[in-house]
Amino acid sequence: MDRLLDNPSVVQRIFDHIDHKTTDMGEECWREPVAHYRSPERLDLERALVLRRYPIPLCPSAALPEAGSYVAREAAGTPLLAVRGRDGVARVFRNACRHRGTQLAEGSGCAKAFVCRYHGWTYTLDGLLHHVPHEHGFPGLEKALLGLVPVEAVERGGLIFVTQEGPHAADAELDDRDPLIPPHAKLIESHEQETAANWKILVDSFLEGYHTRSTHRDTFYPVQYDNLNLVETFGRNHRITFPFRSIEKLRHVPPAERSIDGRVLTYVYHLFPNVAVITLPEHIRMLAFEPLTVDRTRVFGYTLSAPSRRHEGQGAVEFERASEFAEAGGKEDTAVSLAIQRGLASGANECFVFGRFEGALAHFHRSLQELIDGLS
Ligand code: FES
Ligand SMILES: [Fe+2]
């Protein structure tokens, strides 16, 4: 697997780009058929052959901080229930009672057990069917076979990955050297929101910095650079680096001592296919893009604090300011995504062309196509 650059190499490569007015470039242009953003058949294939068969980050580990913590959400149209057991293990189940199928939990919270609201069948945190009211009405019921239906789940790098159907190993393609989300990170808030755009339009918007000056003229551009990014690939995933101009202060620090954090650059980790983990000045954000239809997406957002950050006193002020900054830029990206979605109906384009500054988009769409074609 391709490994990510270490921090001193990241800084050096950014300085080289600043000095030479260059940026990372992909090999060639890619033409993506517009029909792939519009066709319900295509979305069905993406769900069946990619989103259900690939290890997908469902939520951050920090969303399940203690025994009984749970998160219920859909992934590729399947209602799932993630819960941390008393043994500390995070498990994921199909979110339906084994009696007559009622969903057992909604949203998130903390439970001692899952009691079905309909007739009271009760499941333990590790999914066993523990209690059936008036059980004598079910002669021969094999309770041991009627536990919640598990989905393959693995906890790695501060995230909980699920794979609904084989064959891809749930632990593929993550680099273990640095967890994406530091251990002991705390969940500050979570939310969900529906956006009227195809899920891939929303993912695409995170994968290049060619739009920094045009789209983010008064937000990111004054403090970052236009079209100056590192684009790294690991497995089917990406890390896009967006440096802040403040990285210049590291010029005077010996290379081995250059420590980096969210104040000198933003890392956007794209975890194939539909999740972004973003390191912001004062926090980390995970966004999962769950397609509902070809033109509607539910976005699940989680905001986490790194353990070293303080969110009191002056720290709280900085956190607030950083959140507003990220929020303002994010709104600009969403506005563009909505405009692309509306533009699809124009029929103006057969294909979109991704240029060499947009190499991660090319790799993303090529990877999707390979999985759909059964090539990998
Ligand atoms: S549907 Fe859950 S107990 Fe009947
Ligand atoms: Fe943007």
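The values are calculated or read from the model by the stated rules, or taken from the named source; none is laboratory data. It should be emphasised that the depicted structure is a prediction, and the values quoted were computed from it without experimental measurement. Using ideal geometry, Cβ is built from the backbone for each residue, glycine included, and neighbour counts are taken over all protein chains shown. Note: areas computed on protein heavy atoms with side chains; ligands, DNA, RNA excluded. Shrake-Rupley method; radii C 1.70, N 1.55, O 1.52, S 1.80 Å.
Step by step: first the residues of region 112-121, then only those that are open to solvent by less than 20 Å² (accessible area, probe 1.4 Å) and in a loop (DSSP other than H, G, I, E, B), then the one that is nearest to ligand 2 (Cβ to nearest atom). Which residue is that? So the residue we want is C116. Set side by side, the residues A75, A113, A82, A90 differ, and just one is touching a strand residue (DSSP E or B) at 6+ places or on another chain (Cβ under 8 Å) and free of Cβ contacts under 8 Å to residues at least 60 places away in the same chain, which is A113.
Please determine whether any residue of region 216-232 is of a type in the set (D, E, K, R), closer than 26 Å to P179 by Cα, open to solvent by 60 Å² or more (accessible area, probe 1.4 Å) and touching a strand residue (DSSP E or B) at 6+ places or on another chain (Cβ under 9 Å). Give the derivation first.
Start the filter on region 216-232 by keeping residues that are of a type in the set (D, E, K, R), which leaves 217-218, 226, 232.
Next, only the ones that are closer than 26 Å to P179 by Cα stay: 232.
If we keep only those that are open to solvent by 60 Å² or more (accessible area, probe 1.4 Å) as well, we get none.
No, region 216-232 contains no residue that is of a type in the set (D, E, K, R), closer than 26 Å to P179 by Cα, open to solvent by 60 Å² or more (accessible area, probe 1.4 Å) and touching a strand residue (DSSP E or B) at 6+ places or on another chain (Cβ under 9 Å).
Based on what the data block shows, is F354 under 21 Å from the mean Cα position of the chain (by Cα) and of a type in the set (F, W, Y)? Judged against the criteria, F354 is not a match.
So which residues in region 125-143 are away from ligand 1 (no atom under 15 Å from the Cβ) and free of Cβ contacts under 8 Å to residues at least 12 places away in the same chain? Across region 125-143, the qualifying residues are H136, P139, G140, E142.
What are the residues in region 1-23 that are in a loop (DSSP other than H, G, I, E, B) and over 23 Å from the mean Cα position of the chain (by Cα), if any?
Keep residues of region 1-23 that are in a loop (DSSP other than H, G, I, E, B), which gives 1-6, 21-23.
K21, T22, T23, listed by residue number.
Scanning region 329-342 for residues that are closer than 18 Å to R31 by Cα and loosely packed, with under 13 Cβ neighbours inside 10 Å returns no hits.
Of all residues in region 189-215 being acidic (D, E) and open to solvent by less than 50 Å² (accessible area, probe 1.4 Å), which is nearest to L271 (Cα to Cα)?
First pass over region 189-215, keeping only residues acidic (D, E): 189, 192, 194, 204, 208.
Filter once more, keeping what is open to solvent by less than 50 Å² (accessible area, probe 1.4 Å): 204, 208.
Numbers: D204: 12, E208: 15 Å.
Only one residue fits best here, namely D204.
Restrict the check to region 185-194 and report whether at least one residue is without any contact (Cβ under 8 Å) to a residue 24 or more places away in the chain, in contact with a Ser or Thr (Cβ under 6 Å, 6 or more places away or on another chain) and either away from ligand 1 (no atom under 16 Å from the Cβ) or not polar (S, T, N, Q) (or both).
Within region 185-194, the subset without any contact (Cβ under 8 Å) to a residue 24 or more places away in the chain is none.
No, every residue in region 185-194 fails to be without any contact (Cβ under 8 Å) to a residue 24 or more places away in the chain, in contact with a Ser or Thr (Cβ under 6 Å, 6 or more places away or on another chain) and either away from ligand 1 (no atom under 16 Å from the Cβ) or not polar (S, T, N, Q) (or both).
Taken over region 97-111, residues that are within 15 Å of ligand 1 (Cβ to nearest atom), open to solvent by 40 Å² or more (accessible area, probe 1.4 Å) and either over 24 Å from F138 (Cα atoms) or not in a loop (DSSP other than H, G, I, E, B) (or both) amount to 1.
Taken over region 348-373, residues that are open to solvent by less than 60 Å² (accessible area, probe 1.4 Å) and assigned to a loop (DSSP other than H, G, I, E, B) amount to 1.
Return yes or no: is P291 open to solvent by less than 20 Å² (accessible area, probe 1.4 Å), in a strand (DSSP E or B), more than 27 Å from Y37 (Cβ to Cβ) and in contact (Cβ under 8 Å) with a residue 24 or more places away in the chain? No, not satisfied.
How many residues, within region 53-76, are within 21 Å of E165 (Cβ to Cβ), part of a loop (DSSP other than H, G, I, E, B) and open to solvent by less than 40 Å² (accessible area, probe 1.4 Å)?
Initially, region 53-76 is screened for residues within 21 Å of E165 (Cβ to Cβ), giving 53-59, 71-76.
The next check asks that each one be part of a loop (DSSP other than H, G, I, E, B); those that pass are 53-55, 76.
Still in the running and open to solvent by less than 40 Å² (accessible area, probe 1.4 Å): 54-55, 76.
Result for region 53-76: 3.
On the stretch given as region 184-219, residues that are more than 16 Å from ligand 2 (Cβ to nearest atom) and more than 24 Å from F319 (Cα to Cα) total 4. All of (1) open to solvent by 20 Å² or more (accessible area, probe 1.4 Å); (2) touching a strand residue (DSSP E or B) at 6+ places or on another chain (Cβ under 8 Å) hold for K21 with one exception: (2).
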